[in-house]
Structures are given as C-alpha cells and as structure tokens.
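Trainee: Below is one structure. I have some questions about it.
The values are calculated or read from the model by the stated rules, or taken from the named source; none is laboratory data. Just so it is clear, the structure is predicted and the values come from calculations on it, not from any experiment. For neighbour counting, all protein chains shown are included, and Cβ atoms are generated from backbone atoms with ideal geometry for every residue, glycine included. Surface areas here come from the heavy atoms of the whole protein model, side chains and all, with no ligands, DNA or RNA. Shrake-Rupley method; radii C 1.70, N 1.55, O 1.52, S 1.80 Å.
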Amino acid sequence: MSGIRLHHCPQSRSMRTLWLLHELGVDAEVVVHPFDRSLRAPDYLALSPAGRVPALEIDGRTLFETGAITEYLCERFPDAGMGCAPGDPARADWLIWLHFAETLSQHSAALTQQHVMLYEDHMRSPVVMKLEAARLGKCYAALEARLSEGAGRDWLAAERFTAADLSVAQALYMARHFAPLDGHARLVDWYARATDRPAFAAALPKDGEARLYAQDFYAAWPMDTAGTA
C-alpha cells in the first residue's frame with residue numbers, strides 16, 4: 001500500500017488533489033467514496049470533521065481543506081515546480097489565485113446543491129440559481145482581466161503552469177456545469193491549455209465510477225417555475 005491515501009469523490013473538489021498528485025508524479029492509494037450521507041459516518045468524520053472530500057492521509061497524519069493540502073503537497077514535493085516558495089517574486093500572486101479557486105467553488109457548491117443534491121423541486125430556488133450563476137460570471141471576468149494584463153499572460157501566477165492554475169482550472173471544470181465561459185476569450189484559451197495535460201485526464205472520472213453531475217450543463221430555472229417543475 002502506498003504511504004499516501006486520498007479520499008475522493010469523482011468531479012468534486014477532491015479532483016483538485018488527485019490532479020495535483022498526478023502532476024507531482026506521486027503514487028497514492030485513491031479511496032473513492034459516493035457523494036452521499038456515508039461521508040457523515042463516524043469513521044470518515046474522524047478524517048474530515050465536516051464530512052467533506054478531500055481528506056489526504058500522508059506523513060502519519062490526515063489533512064483536509066484543498067488549499068491547505070495543495071500548499072502542503074507543493075512544499076513536500078518542491079522539485080515538481082508546482083509551487084512558489086517564500087521569497088519567489090510570484091509567491092503572493094500564487095497564493096491569491098490558488099485560494100481564488102475556493103471563491104469559484106463556493107458558488108459552484110451552491111449551484112450543485114440547487115440542481116443536483118436537492119431531490120424535491122419545491123426546495124429549489126430559481127433566484128439562488130440565477131444569483132450564483134451571475135457570481136460565477138463575475139469570477140470569470142476577474143480571471144479574464146488577470147490573463148489580459150499587459151500583453152497577456154499565459155498563466156495566472158508565475159511564467160509557468162503551477163498549482164494556482166490547476167486549482168482554478170479544476171474549479172472552472174465544476175463551474176462550467178452552471179455558467180458557460182462565453183465572452184471570455186483569454187479565459188477559454190487558458191482553460192484549454194490547463195486541461196490539455198495528461199494529469200488532468202488522469203483525474204477525470206473512470207469508467208464505471210459514479211459521477212456527481214449527470215449532465216454537462218444545468219441552466220437556471222425561469223423565475224416563474226419555482227416549485228412547479
């Protein structure tokens with residue numbers, strides 16, 4: 001058994017950690033969980049107290065929270081060049097955009113709840129759907145502006161692909177289920193570059209694995225359909 005174990009649900013934020021492990025060239029045992037109430041079981045809560053993925057068992061302890069896991073892995077395996085160490089001029093930008101992934105992810109999580117996790121239509125809110133999709137659009141605009149700085153940037157933080165790009169690209173992978181990237185040309189190009197990597201493909205759901213999203217896109221409901229669909 002590998003000395004590293006990742007607890008993972010396909011298409012969730014734990015995909016971020018799985019992708020990073022592949023980029024680092026680090027072997028890990030991947031324990032695939034269903035995205036359901038089993039994450040609230042006592043044995044799993046002992047690993048991740050909020051009952052969320054990822055949880056990463058490494059170096060004799062368990063880490064949770066994707067930003068913390070990403071920083072730890074980049075420092076633990078620095079030769080892969082996925083991080084920006086203290087003293088690197090790109091360090092501040094790296095930290096900003098690394099954690100901006102969670103800004104995107106919180107809106108995608110709200111939309112996942114609305115469209116996927118709530119089983120009764122009367123629980124769903126067209127208002128929340130539209131607001132959260134609009135907030136994703138504002139995040140897209142911020143990324144487009146960053147990538148348009150100067151003569152244009154290939155990557156968000158450094159002059160190379162780093163875990164900041166990986167984290168935001170994985171967040172976009174989820175967000176695109178609810179808000180298209182239309183009208184953000186540089187962001188579209190950047191996303192294509194970031195995801196045209198073998199490590200990204202390796203982190204996608206495997207054949208036979210349960211997926212979080214049953215369809216490619218979930219449109220916000222019209223305002224007059226609350227509780228009637």
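Trainee: Using a Gaussian network model on the chain with a 10 Å cutoff between Cα atoms, which of 87, 152, 67 fluctuates the most?
Mentor: 87
Trainee: Follow-up question, since we're still on this one. Karplus couplings for region 58-70 from phi (6.51 cos²θ - 1.76 cosθ + 1.60, θ = phi - 60°), rounded to Hz, Gly and Pro as x?
Mentor: Ordered by residue, 3J(HN,Hα) equals 7, 6, x, 8, 10, 10, 9, 6, 4, x, 5, 4, 4 Hz.
Trainee: Let me ask something else. Using a ≥ b ≥ c from the Cα gyration tensor of region 134-210 (square roots of the eigenvalues), is it rounded, prolate or oblate, where a/c under 1.5 gives rounded and otherwise the larger of a/b and b/c decides, a/b for prolate? Don't jump to the answer; show the numbers that get you there.
Mentor: Details: a/c = 2.43, a/b = 1.36, b/c = 1.79.
Because a/c hits 1.5 or more and a/b fails to exceed b/c, region 134-210 counts as oblate.
Trainee: Can you give me the accessible area per residue for the chain, using a 1.4 Å probe, in Å²?
Mentor: For the chain, the per-residue accessible area is 48 Å².
Trainee: Could you pull out the longest piece of the chain with no exposed loop chymotrypsin sites (Phe, Trp or Tyr not before Pro) in it, calling a site exposed if DSSP puts it outside H, G, I, E, B and it has at most 12 other Cβ atoms within 10 Å?
Mentor: Numbers: sites that count: 119, 217.
Counting only loop sites that pass the neighbour cut-off, the longest clear stretch is 1-118.
Trainee: Let me ask something else about it. Compute, for residue 123, the solvent-accessible surface of its heavy atoms (probe 1.4 Å) with the complete set of protein chains present, and express it in square angstrom to the nearest 10.
Mentor: Spelled out: residue 123, probe radius 1.4 Å, area about 100 Å².
Trainee: For labels at residue 96 and residue 79 in the simple 7 Å Cα→Cβ model, what's the distance in nm?
Mentor: Rounded to a tenth, the inter-label distance reads 3.3 nm.
Trainee: In nm, to one decimal, how far is the modelled label at residue 117 from the one at residue 151, with both set 7 Å along Cα→Cβ?
Mentor: In this crude label model, residue 117 to residue 151 measures out at 4.6 nm.
Trainee: Got the relative contact order for region 1-105 handy, in percent, Cα pairs under 8 Å and 6 or more residues apart? List each step's numbers first, then the result.
Mentor: Numbers: 127 pairs, mean separation 26.6, N = 105.
For region 1-105, the relative contact order is 25 percent.
Trainee: In terms of the Cα gyration tensor, with a ≥ b ≥ c the square roots of its eigenvalues, is the chain rounded because a/c is under 1.5, prolate because a/b exceeds b/c, or oblate?
Mentor: Values: a/c = 2.00, a/b = 1.13, b/c = 1.76.
Verdict is oblate for the chain.
Trainee: While we're here: So, with a 1.4 angstrom probe, what is the percent of accessible area on region 41-126 that is carbon and sulfur? Let's see the in-between values first.
Mentor: Working: 2340 of 4270 Å².
Carbon and sulfur together cover 55 percent of it.
Trainee: Please figure out what share of the DSSP beta bridges in the chain is antiparallel and state it in percent, rounded to the nearest 5.
Mentor: Numbers: 7 of 11 bridges.
Here the antiparallel bridges make up roughly 65 percent for the chain.
Trainee: Continuing with the same structure: Mind checking region 122-178 for GluC sites (Glu not before Pro) that DSSP puts in a loop (not H, G, I, E or B) and that have at most 10 other Cβ atoms within 10 Å?
Mentor: Details: sites: 132, 144, 149, 159; in loops: 149, 159.
For GluC sites (Glu not before Pro) across region 122-178 that sit outside H, G, I, E and B with at most 10 neighbouring Cβ atoms in 10 Å, the list reads 149, 159.
Trainee: From the Cα gyration tensor of region 63-127, with a ≥ b ≥ c the square roots of its eigenvalues, which class applies: rounded if a/c is under 1.5, or else prolate if a/b is larger than b/c, or else oblate? Before the final figure, lay out the partial values.
Mentor: Numbers: a/c = 5.25, a/b = 2.76, b/c = 1.90.
Prolate shape, in that a/c is at least 1.5 and a/b is the bigger ratio.
Trainee: For every helix of n ≥ 4 consecutive DSSP H residues, a contribution of -39,500 (n - 2.57) applies; sum these over the chain, divide by its total residues, and give [θ] at 222 nm rounded to the nearest 500 deg cm²/dmol.
Mentor: Using -39500 (n - 2.57) per qualifying helix, the result is -13500 deg cm²/dmol.
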